[in-house]
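Since the structure comes first, as structure tokens, the remarks are kept for the end.
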Amino acid sequence: MQDAYRSGFIAVVGRPNVGKSTLINALIGSHIAITSSRPETTRKAIRGVLTTDNAQIVLVDTPGIHRPRTLLGQRLNDIVDDSLSDVDAVAFLLPADQPIGPGDKRILSRLRSDFARKNDDGSLTWKVPLIAVVTKIDELDHAALVDKLIAINEFAAFSDIVPVSALEKDNLDEVKQVFIEAMPEGPQMYPEDQISEESPSETIAELVRGAFLEELTDELPHSLAVVVDAIEYPDEDEDADSDEPRAANAPKPKAQVHVSVYVERDSQKPIIIGRKAEHLVRVKKKLRTPINRIVGCKANLDMHVKVAKEWQSDPKKLERLGF
């Protein structure tokens, strides 16, 4: 007898920089969430869609839960609230190479208030499966990993504990299986070939921001925001309407992707642009193939660096920049 089809939503939570985006990209098999060694890289609840023969799981990549220092930080925590509001399971990521700290305890407390009920004897029962995903296991030897797993088991009454190294693709199939088993029976929600719920504009904006994070590392101001202003596709009917047929060797017209890159101060613009626009050139070159893939044809990436003063603390500017 064939197993029943399972489907549902899993919120992927953890403090900043524990490998949430890396894990989601590895499970989906495609680069849909940006990764960086900088904390608070993820700013949106990106939904990755993982489809197998017997299940479909929507992975919600949440911004790291943290103490907000700006209005943007508060908005990121609000995004986490929305992400947790209606999920079928929670994956709590805990890095193997770092001790359990105050940030992890704060997240656990938050999850208890959202997803646990107190029994008569004072113990807690989880309303949805709470899965501990122990990331970055390639950083530890076997004995240290065993000690870490024991510590995590004592930290909370997890439904499952599963170790993984997303970078080394070690134990990914086990994570996938644990996630599937945590899902309720349900129908397929998205087409089989769909891997993200993000629009092309949102995906391109995140790719551009991720490319700058990688390009500039420590030099990059954290106050970087990216907006795709427009995607203009070539007019397929233009040739048909023209009296002059296009020459056989003439290049096809490209789509135009207009992007605004925002910083908070004038002094930050040269950092983004680089000497003789070297940073813009490198980012364009790196993203040429993925952007062509997203828009479905060859595309020209037109980037302009602009200043939106103190946008992280300005409600109107935050809204205009998509937060």
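The values are calculated or read from the model by the stated rules, or taken from the named source; none is laboratory data. Bear in mind the structure is a predicted one, so any value in this text is a computation, not a measurement. For neighbour counting, all protein chains shown are included, and Cβ atoms are generated from backbone atoms with ideal geometry for every residue, glycine included. The area values use the complete protein model at the heavy-atom level, side chains included, leaving out ligands, DNA and RNA. Shrake-Rupley method; radii C 1.70, N 1.55, O 1.52, S 1.80 Å.
Some notes on this structure:
- Among the criteria (1) open to solvent by 50 Å² or more (accessible area, probe 1.4 Å); (2) under 18 Å from ARG209 (Cβ atoms); (3) touching a strand residue (DSSP E or B) at 6+ places or on another chain (Cβ under 6 Å), the one THR289 does not fulfil is (3).
- Restricting the first member to segment 185-202 and to residues that are more than 19 Å from VAL259 (Cβ to Cβ), and the second to residues that are assigned to a loop (DSSP other than H, G, I, E, B) and of a type in the set (D, E, K, R), the beta-carbon pairs closer than 8 Å and six or more apart or on different chains are TYR190/GLU197.
- In segment 41-51, the count of residues that are open to solvent by 40 Å² or more (accessible area, probe 1.4 Å), modelled with pLDDT under 90, at negative phi and over 9 Å from the mean Cα position of the chain (by Cα) is zero.
- Residue count for segment 1-24, restricted to those that are closer than 21 Å to MET183 by Cβ and either modelled with pLDDT under 85 or surrounded by fewer than 18 Cβ atoms within 10 Å (Cβ to Cβ) (or both): 6.
- Taking the numbered list (1) closer than 19 Å to THR22 by Cα; (2) in contact with a Leu (Cβ under 6 Å, 6 or more places away or on another chain); (3) assigned to a loop (DSSP other than H, G, I, E, B); (4) of a type in the set (A, V, I, L, M, F, W, C) in turn, LEU167 passes all entries but (2).
- Residue satisfying condition, being under 29 Å from GLY296 (Cβ atoms), open to solvent by 20 Å² or more (accessible area, probe 1.4 Å) and either part of a helix (DSSP H, G or I) or among the small types (Gly, Ala, Ser) (or both), within set GLU181, GLU202: GLU202
- Selection count where residues are open to solvent by less than 70 Å² (accessible area, probe 1.4 Å), touching a residue at least 24 places away in the same chain (Cβ under 8 Å), outside any strand (DSSP E or B) and in contact with a strand residue (DSSP E or B) (Cβ under 9 Å, 6 or more places away or on another chain), scope segment 297-317: 4
- Of all residues making up segment 211-221, the number that are open to solvent by less than 60 Å² (accessible area, probe 1.4 Å) and at pLDDT below 80: 5
- Residue within segment 125-132 that is under 22 Å from ILE24 (Cα atoms), under 27 Å from the mean Cα position of the chain (by Cα) and aromatic (Phe, Trp, Tyr) present: no
- Restricting segment 235-261 to residues that are at pLDDT below 90 and surrounded by 15 or more Cβ atoms within 10 Å (Cβ to Cβ) leaves a set whose member that is nearest to ILE204 (Cα to Cα) is LYS254.
- Answer from GLU174, GLU168, GLU154 - the residue that is of a type outside the set (A, V, I, L, M, F, W, C), open to solvent by 70 Å² or more (accessible area, probe 1.4 Å) and either touching a Gly at 6+ places or on another chain (Cβ under 8 Å) or closer than 22 Å to ASN54 by Cα (or both): GLU174
- Criterion applied to LEU93, LEU149, LEU111, LEU145 was being closer than 22 Å to GLY8 by Cα, part of a helix (DSSP H, G or I) and not charged (D, E, K, R), and the one residue passing it is LEU111.
- Identity of the residue in segment 120-151, at negative phi and at pLDDT below 85, that ends up least open to solvent (accessible area, probe 1.4 Å): SER123
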